[in-house]
Each structure stands twice: as C-alpha cells, then as structure tokens.
Amino acid sequence: MECITNFKIWVLLVSMAFVHLGHGFYLPGSYPHKYAVGDALNMKVNSLTSIETEMPFSYYSLPFCQPEEIKDSAENLGELLMGDRIENSPYRFKMYTNQTEIFLCHTKPLSSEETKLLKKRIDEMYQVNVILDNLPAIRYVQKDGITLRWTGYLVGAKTLDGYFLFNHLKFTVLVHKYEEPNVAHVMGTGDAAEMIPTGGNSGSEAPGYMVVGFEVEPCSFRHNADFVKKLDVYDKYPASIKCDGSAPAMAIKENEPLVFTYEVSFVERDIKWPSRWDAYLKMEGAKVHWFSILNSLMVVTFLAGIVLVIFLRTVRRDLTRYEELDKEAQAQMNEELSGWKLIVGDVFRVPTNPSLLCVMVGDGVQIIGMAVVTILFSALGFMSPASRGTLITGMLFFYMILGIAAGYVAVRMWTTIFNGNKTGWVSVSWKVACFFPGISFLILTTLNFLLWGSHSTGAIPFSLFVVLILLWFCISVPLTLVGGYYGAKAPHFEYPVRTNQIPREIPPQKYPSWLLVLGAGTLPFGTLFIELFFIMSSIWMGRVYYVFGFLLIVLMLLVVVCAEVSLVLTYMHLCVEDWKWWWKSFFASGSVALYIFLYSINYLIFDLKSLNGPVSATLYLGYSLFMVLAIMLATGTVGLLSSFWFVHYLFSSVKLD
C-alpha cells in the first residue's frame with residue numbers, strides 16, 4: 001500500500017509540473033528564439049554534400065568568403081559521426097530589415113588547383129548547405145509544372161560556355177510575430193543562449209519575431225571589377241544586380257578572383273512556430289510515401305494473419321488428437337510414432353557452435369532493443385529533425401545501456417543449452433561485448449581510411465575514435481559483464497524431455513533444408529521493402545525522414561512476421577525428423593538480411609546510378625554491409641527465441657515415454 005501511495009504522489013507531482021509548464025514546455029531542440037527588429041541574425045554553414053559521391057567536405061575547402069575567425073559550432077557525437085561540420089559564416093542579416101546588393105568579399109585570384117577543385121565539385125553536383133536559426137535553407141525548383149523542394153543550393157553550373165559559380169544569393173526569411181515573450185528567457189541552452197537577446201526589458205511592447213522559414217535562390221552574376229576594388233565588406237554594391245539569365249555570369253577562370261554578394265528580404269507569414277518544419281517534411285514523394293506505407297501495413301497484416309491461423313490450426317489439431325486418446329491408445333500410438341514425436345530424445349541436443357549462437361542472440365537482443373527504444377522516442381518527438389545528430393547519439397546511448405540485456409540473455413541461454421552448467425559464462429559475456437562492436441569498428445575503420453585519404457569531413461576524427469573506444473570498454477563492456485553475471489545467477493530453463501546419449505540419424509530430405517530457410521526471408525522482407533526505400537532515400541539522397549510512428553508499427557509487424565516464419569519453418573523441420581533446428585530457426589528469419597543486401601545493390605544500380613567513383617561505391621557497400629549485419633542479428637534473434645519457446649511448449653504439452 002505504501003508503494004502504491006508513493007507512486008500516486010509521484011504521478012500527481014509530474015502532472016502538476018506539466019500543467020505548470022503547459023505554456024512553456026518544448027521538446028529538445030525545438031525551443032523558440034525571439035528577435036527584436038534590427039537584431040543580428042547569424043547564418044551558419046554546414047558541410048558540402050552530394051548524392052553522387054556521398055563524401056561530405058568542409059565549406060571552407062572551396063575558395064568562399066571567410067569570416068575573420070572560423071569557429072566550429074558545438075557538435076554532438078551524432079553530428080560528428082554523420083559528417084556535419086557546422087561553422088560560422090560572414091553572412092549577416094538584421095531582423096525584419098530588407099537589404100539588397102550587399103557586397104560580401106572578393107577572393108584572391110584563383111590558382112590552378114582551386115580552379116580544378118571548383119570545376120570538380122560542380123561536376124560532382126555538390127551543394128552548399130546553410131542554416132539560419134537551426135533551419136536549413138530551402139531551394140524551390142520548377143520541373144514539368146511541379147514545384148520541388150530541396151535543401152541547400154548547388155555550388156555552380158556547367159554549360160556549353162564553361163563553368164559558372166553561383167556567387168549571388170537571394171535569401172528570403174519568413175518570420176512570425178512572437179506570441180510568448182517570456183519563454184525565450186527561460187528556455188534554451190548552448191547555441192540558443194547566444195541567439196537569445198539579453199538586453200531590453202522582457203515586458204517591452206516592442207514587437208519580437210520568430211524565424212519560421214528560410215529560403216534561398218542562387219544565381220551567377222559578373223560584377224564590375226572597378227566597383228569591387230573600392231568596396232568594403234557589407235557595403236552596398238553601386239549597381240543593380242539582376243539574375244534573369246541574360247546577364248553575364250561569374251565564370252570560373254584561373255588567375256581571376258571571385259566576387260560574392262547577397263540580398264535578403266523578410267516576409268511575415270501566418271506560420272506557427274511549431275509548424276515551421278512542415279515545409280521540410282513535405283519533400284518530393286510525400287503522398288506516395290503515405291499511400292505506400294498504408295498499403296504495406298494492410299498487406300503485411302493480412303499475410304501475418306494467414307500465417308498465424310495456419311500455424312495454430314495445424315499444431316493445435318496435432319496436439320488435440322493425441323490428448324483425446326486414452327492410455328492404451330497412447331501406448332499403441334507411441335509404438336507407431338512419426339514425425340516430430342520421434343525426435344523427442346534429440347530435439348534439445350546441444351547445437352553446433354553453441355558459444356557463437358549465444359553471442360549472436362545476445363547482440364541481437366541489444367540491437368533490437370536499441371531500435372525499439374530509439375524509434376519510440378523519435379515517434380514521441382524527442383529526436384526530431386530539428387535536433388541534428390540526436391538520433392545517432394540516442395542510438396549509441398541506448399545500445400550501450402542495453403549491454404545489460406545482451407549479457408543476461410546470452411549467458412542464460414548458455415546455461416540453458418548446457419542444462420544448468422555455468423562454466424564459461426565470463427567468456428560468453430566478453431564475446432557478446434566484443435563481437436558486433438568489433439566487426440563494426442573493423443568496417444568503420446576501413447571506410448574511415450578511405451575518407452581520410454579523400455580529406456572528407458565524413459571521416460571520423462582520431463579523437464572521436466578514442467572517445468568511442470573508451471565508451472565501448474568503459475561503459476558497454478562492464479554493463480555486458482554485469483548482465484552476464486545476473487544471467488548466470490538466474491535459473492536456467494528446464495527441458496521437458498531428456499536427451500539421448502546417441503544422436504538419432506536424420507533421414508534424407510526431398511529438398512535441401514537450407515534452401516527453404518533462405519527462402520523464408522521473403523515474407524519478412526515484404527514488410528520492409530517499401531519503408532526501406534524511404535529510409536535509403538533519407539540516408540543517401542538527403543531526404544528528411546520523419547514518419548517514425550509508421551516505422552514503429554512496421555518494426556512491430558516485422559517482429560511478429562519473423563517469429564511466425566521461424567515457428568512454421570521449425571515445425572516443418574521437426575515433422576521431417578530434422579532435430580537440428582537451432583541455427584535454422586535463427587537464419588529462417590535472419591535471412592531477410594540477404595534480401596535487404598540484394599535490395600541495396602539494386603538501389604545502388606538503379607536509384608544511385610549517378611554515384612561515381614570506386615571510393616563512393618565502396619563506402620555505400622560498406623555501410624550497407626554494416627546495416628545488414630545488424631538486421632540479421634536482430635531478426636535472427638527474434639526467430640530463435642520464438643522457436644525455442646515453441647519447441648519447449650510443444651514437447652512439454654505431450655507426455656511421451
């Protein structure tokens with residue numbers, strides 16, 4: 001009673017706290033910033049990206065205008081792993097103050113190396129990513145009468161006349177009048193604290209504005225060389241700048257400088273601050289996305305229902321028919337046993353490579369637990385696109401914490417397989433802590449050498465490597481060992497039947513059992529392939545992925561279908577007197593990873609056909625292999641654990657002498 005009373009008190013206190021903060025509570029990364037008219041707005045720049053190479057580079061690796069001092073913004077672990085390098089820029093705006101023909105800088109004459117590099121980046125379709133108030137710039141493009149939205153703008157363009165640089169930028173900042181003047185004084189840390197004005201009276205009647213949109217339109221314009229020599233930074237260009245296609249463009253030529261200008265206009269829109277990310281979430285193909293997801297869910301639910309009904313009817317009929325017989329009939333039936341009843345003394349025989357099986361199951365539990373928790377938090381809005389890098393950071397955090405579950409499950413399965421013998425549980429725990437992370441480090445290190453050789457910002461810095469290794473051995477490994485300790489303390493699952501000393505010979509099969517196991521992955525793949533297209537597009541095509549609620553539903557359906565497929569395959573193997581079900585149940589559902597890898601190759605050939613260079617293709621295949629390994633461990637674990645429960649239940653329901 002005392003525990004229930006304390007729980008009610010805590011619930012009441014939490015509810016009161018949420019009611020009190022009802023007008024000032026925002027999810028992480030989504031706090032509003034108030035700017036008075038004339039306040040400075042500092043635009044930031046991110047890494048240059050391209051869908052043709054998948055290798056990001058620093059903004060200042062090209063001869064662009066630079067501020068007096070280049071400063072890196074505070075970056076979290078996820079941003080560094082994703083290759084983001086957010087830095088300050090010389091672009092300066094003033095809230096609600098339109099500015100035109102603002103001269104930014106002119107560079108020194110281009111060297112031959114800089115000229116070649118610029119042309120190479122234009123050929124590779126690199127785009128510049130700029131950020132204002134945590135919003136990436138959107139570029140609108142008209143194509144076949146349809147308005148397409150893309151983040152960032154291209155470095156330049158190639159025509160029959162040569163290469164041209166987009167050196168004049170037209171910015172449009174969408175603003176909305178601030179409605180809660182007190183929130184900005186109590187919310188926000190880190191970067192936000194620099195943006196929130198500290199001066200002035202909070203009760204002032206001066207209007208404040210929030211940034212609710214950021215658009216950019218790039219163009220190429222050749223400036224007058226005589227005008228440029230007399231201008232300082234932020235001076236007004238003395239002539240009108242019009243980019244209508246007929247004006248001479250800024251050609252990229254060796255030994256000639258580049259000139260940069262910009263203009264900015266502020267437009268007040270009736271866009272609420274919480275809805276300012278809607279424009280980014282309505283990227284190309286949004287309607288197709290929703291329709292495809294709903295259609296996939298309906299098909300998957302229907303298929304899962306069919307598998308479940310067939311499975312329950314088959315097994316239940318077999319058990320019911322046996323239990324309805326009297327003792328004499330059961331004794332007579334025992335003399336004429338067939339199918340799965342013949343392998344009662346072998347069904348729980350120790351599988352081949354039991355240590356590896358337990359390790360893979362432990363790592364699978366850790367991965368699928370991380371996936372469920374991360375997607376759940378994302379669906380609730382705690383890992384929104386507004387908070388860069390939080391998704392990767394959250395995945396790493398949850399993965400390390402769930403090392404306890406990995407060690408516990410792996411060691412408990414180890415003791416169960418050996419009928420309570422706990423010898424070797426420490427070795428199993430260590431292998432669990434090092435198997436998947438070790439393979440991951442090997443793949444990432446190999447790919448990182450390629451990125452280092454290309455001087456890409458996607459390369460993980462050596463200091464971050466040290467941090468990841470420390471997190472691995474100082475947090476993940478100890479937690480896995482703790483989980484293994486409690487797994488060894490926990491009682492093992494008692495087998496309902498005894499195992500014979502001499503293994504029974506498996507009769508020859510009409511068809512290879514492994515062929516059936518590999519084919520079983522097609523049904524789980526059917527739950528994923530539509531959603532997989534959008535996930536791959538968000539990773540490799542720069543799209544924003546946001547429907548985590550649908551992804552959570554698809555993940556749950558995937559778990560159900562993997563369990564059902566593995567149960568059906570296990571039952572089929574038992575019926576043909578094949579008692580080696582341990583590994584086959586794991587790969588029956590884990591084989592979905594094979595089809596995902598084939599799909600990723602298909603995506604590379606047909607959707608990323610513009611991807612050029614062996615380095616880019618190697619990076620793509622390396623990251624795909626890493627993803628496929630994680631999926632195989634997670635889905636295989638679901639299949640094995642569900643099959644173990646089924647076999648245990650099946651042989652404990654029937655008493656055989």
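The values are calculated or read from the model by the stated rules, or taken from the named source; none is laboratory data. Computed from a predicted structure; not experimentally measured. No Cβ is skipped: glycine too gets one built from the backbone with ideal geometry, and neighbour counts run over all protein chains shown. With ligands, DNA and RNA removed, areas are computed over all heavy atoms of the protein, side chains included. Shrake-Rupley method; radii C 1.70, N 1.55, O 1.52, S 1.80 Å.
Annotations for the structure displayed:
- Portion, in percent, of the accessible area of the stretch 506-657 that falls on carbon or sulfur, probe 1.4 Å: 76
- Cα gyration tensor category, rounded, prolate or oblate, for the stretch 59-118 with a/c compared to 1.5: oblate
- Accessible area ranking (1.4 Å probe, heavy atoms, ligands and nucleic acids excluded), largest first, for Asp39, Asp607: Asp607, Asp39.
- Given a 1.4 Å probe and the protein chains as shown, Ile368 ends up with an accessible area of around 40 Å².
- Taking 0.36 nm per residue of sequence separation and removing the Cα-Cα distance, the Ile535/Phe465 pair yields an extension gain of 22.6 nm.
- Here the extension length gained between Asp72 and Ala239 equals 56.6 nm, from 0.36 nm per residue of separation less the Cα-Cα distance.
- Sites Leu515 and Ser440, calculated FRET efficiency, Cβ-Cβ separation with R0 45 Å, nearest 0.05: 0.90
- The distance separating the Cα centre of the stretch 437-492 from that of the stretch 561-611 comes to 27 Å.
- In the assembled protein chains, Met400 presents an accessible area of approximately 30 Å² (probe radius 1.4 Å).
- Going by accessible surface with a 1.4 Å probe and the largest first, Met55, Met298 read Met298, Met55.
- Pairs exceeding a 20 Å alpha-carbon distance, out of Lys116/Lys143; Lys116/Lys158; Lys108/Lys170; Lys71/Lys230; Lys120/Lys230: Lys116/Lys143; Lys108/Lys170; Lys71/Lys230; Lys120/Lys230.
- Cross-link partners of Lys34 among lysines (Cα-Cα below 23 Å; sequence separation of 8 or more within a chain): Lys44, Lys94, Lys177, Lys272
- Packing-based ranking, highest mean first, of 237-243, 376-382, 43-49 given that Cβ atoms within 10 Å are counted: 43-49, 376-382, 237-243
- Computed from label points 7 Å out along Cα-Cβ, the spacing between Thr423 and Ala490 is 2.4 nm.
- Surface/4 estimate of mean projected area, convex hull on alpha-carbon atoms of the stretch 444-509, nm²: 10.7
- The amide H of Phe93, built 1.01 Å from its N in the peptide plane, has Leu41, Met43 as neighbours under 5 Å, considering only residues 5 or more places off or on other chains.
- Remark: the stretch 526-657 carries 37 Å² of accessible area per residue (probe radius 1.4 Å; ligands, DNA and RNA excluded).
- 21 Å Cα-Cα reach of Lys489 towards lysines, excluding residues that sit fewer than 8 places from it in its own chain: Lys422, Lys431
- Principal axis extents of the Cα atoms in the stretch 497-585, from largest to smallest and rounded to whole angstrom, are 58, 27, 17.
- Stretching the chain fully between Val141 and Val576 yields a gain of 150.5 nm (0.36 nm per residue, less the alpha carbon separation).
- Accessible solvent surface per residue of the stretch 102-154, calculated while the other protein chains remain in place, 1.4 angstrom probe, Å²: 47
- Projecting label points 7 angstrom from Cα along Cα→Cβ for Ile601 and Thr301 puts them 3.6 nm apart.
- When peptides 163-170, 630-637, 445-452, 227-234 are sorted by average Cβ neighbour count within 10 Å, with the highest value leading, the order is 630-637, 163-170, 445-452, 227-234.
- Accessible surface, the stretch 335-435, averaged per residue in Å² (probe 1.4 Å): 38
- For Phe302, solvent-accessible area (1.4 Å; no DNA, RNA or ligand), Å²: 140
- Heavy-atom SASA rank of Leu598, Leu650 (probe 1.4 Å, accessible area, largest first): Leu598, Leu650
- Relative packing of peptides 523-534, 405-416 - highest average C-beta neighbours within 10 Å first: 405-416, 523-534
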